[in-house]
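Let me begin by presenting the structure, written as structure tokens, before commenting on it.
The values are calculated or read from the model by the stated rules, or taken from the named source; none is laboratory data. This is a predicted model, so every value here is computed, not measured. Reconstructed Cβ throughout: ideal geometry from the backbone, glycine too, with neighbour counts over all protein chains shown.
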Amino acid sequence: MSYYVTAHLFIPIMRYIYVFFHTLLLCLLSGLTACTSYLKDPDETGTPLEPEVQMCELSSKQTYIDVKILNGSGSYLVASADFRIAQATVEEGIIRIFGFDPGETHIKVADDASTDLTPAKIKVVVTDSIKRPVHVAKPLIMRFNDSRMLKPEYPEKGCTWEITNKNVAVLGFSSQGTTLYSIRTGDTKVTLLKDHWPIQTYVVQVTDENYLGLSNPVSKIKTDRPDHDFYVMTIHTGNNRYTAASSDESVATASILPYSGKYNDSMCNPAEVWIKARKSGSVMITATDVVTGRKADLKVDIEVNSK
């Protein structure tokens, strides 16, 4: 009886001891594996990114600097501790730091491909105020499958053109200059950069049909010369096929003539509307875009003093 009780108690105790040591052994092996993994790849456990320079100095003579990261993935996140002093961008794995107002700050760089890496800091010292060029923005209306030669406000030497939406338009370069080619309807921006500063921007709208836009109307004409031709308005945007009509041709007749003024980038297929004044009276001059059928009216009061 005693032997039976002793054996009955001994077996469960040994089972518990076996489970305890088995669990302990598994924990030790798991910890050893983690330590081995930690020691195996130190670059993923807190090694800081290594920029090629730890400090840079910017001024009106050197407004920006490009910095490479020696041990990163090439995809980075950047932030400035004081954007009034310096800012940074990432272009093809290169950190570009711009100076603004005098002072000291730092740029923080993190690897976008790995959150385990410790961010790097680049100290930035700006010694004097860096003046930014005046930024000029202009509207530019185009039809799709059209082209337009861009006219920079500054000499293009030392400047570069950039476009935001290449699905709408693309840039072409030649010895004559830079040409914008529209490829589908939509909006985009084309910017001229000098030392990476924007100095001129075209706000581009590509349409399938240009609206009929008029400008510089003349609503009163006084003359002592009957049957003389007079300018009355400009069609500054349209589709290049126009007609002009008068509500009373005994008072005046209307016609379309080529645009004779100074061309600007807000215009698209401009033309002029002229009338031949015959006698005193009021007429309604109607300009029509033949492509779209859109019309625009202008009332003109004519006073003819015949001798």
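Of the residues in region 235-278, how many are in a strand (DSSP E or B) and at pLDDT below 90? Residues flagged as in a strand (DSSP E or B) and at pLDDT below 90 within region 235-278 amount to 3. The residue of region 132-156 that is surrounded by the fewest Cβ atoms within 10 Å (Cβ to Cβ), among those that are in a loop (DSSP other than H, G, I, E, B) and basic (K, R), is R132. Only one entry of A277, A271 meets the criterion of being more than 21 Å from L140 (Cβ to Cβ) and out of contact with any helix residue (DSSP H, G or I) (no Cβ under 9 Å at 6 or more places or on another chain), and that entry is A277. Could you tell me whether any residue of region 130-139 is over 19 Å from the mean Cα position of the chain (by Cα) and either touching a residue at least 12 places away in the same chain (Cβ under 8 Å) or on the phi > 0 side of the Ramachandran plot (or both)? Within region 130-139, one or more residues are over 19 Å from the mean Cα position of the chain (by Cα) and either touching a residue at least 12 places away in the same chain (Cβ under 8 Å) or on the phi > 0 side of the Ramachandran plot (or both).
Among the residues of region 283-303, those identified as polar (S, T, N, Q) and either more than 15 Å from P217 (Cα to Cα) or touching a helix residue (DSSP H, G or I) at 6+ places or on another chain (Cβ under 6 Å) (or both) are T288, T292. Within region 83-115, the set of residues being in contact with a Gly (Cβ under 7 Å, 6 or more places away or on another chain) and exposed (fewer than 15 other Cβ atoms within 10 Å of the Cβ) comprises G93 only.
Within region 176-213, being among the hydrophobic types (A, V, I, L, M, F, W, C) and free of Cβ contacts under 8 Å to residues at least 40 places away in the same chain holds for I183, L193.
Restricting the first member to region 257-273 and to residues that are touching a residue at least 40 places away in the same chain (Cβ under 8 Å), and the second to residues that are of a type in the set (K, R) and surrounded by 12 or more Cβ atoms within 10 Å (Cβ to Cβ), the beta-carbon pairs closer than 6 Å and six or more apart or on different chains are D265/K138.
Note on region 214-234: among residues that are touching a residue at least 60 places away in the same chain (Cβ under 8 Å) and either at positive phi or in a strand (DSSP E or B) (or both), the one that is nearest to the chain's Cα centre (by Cα) is L214.
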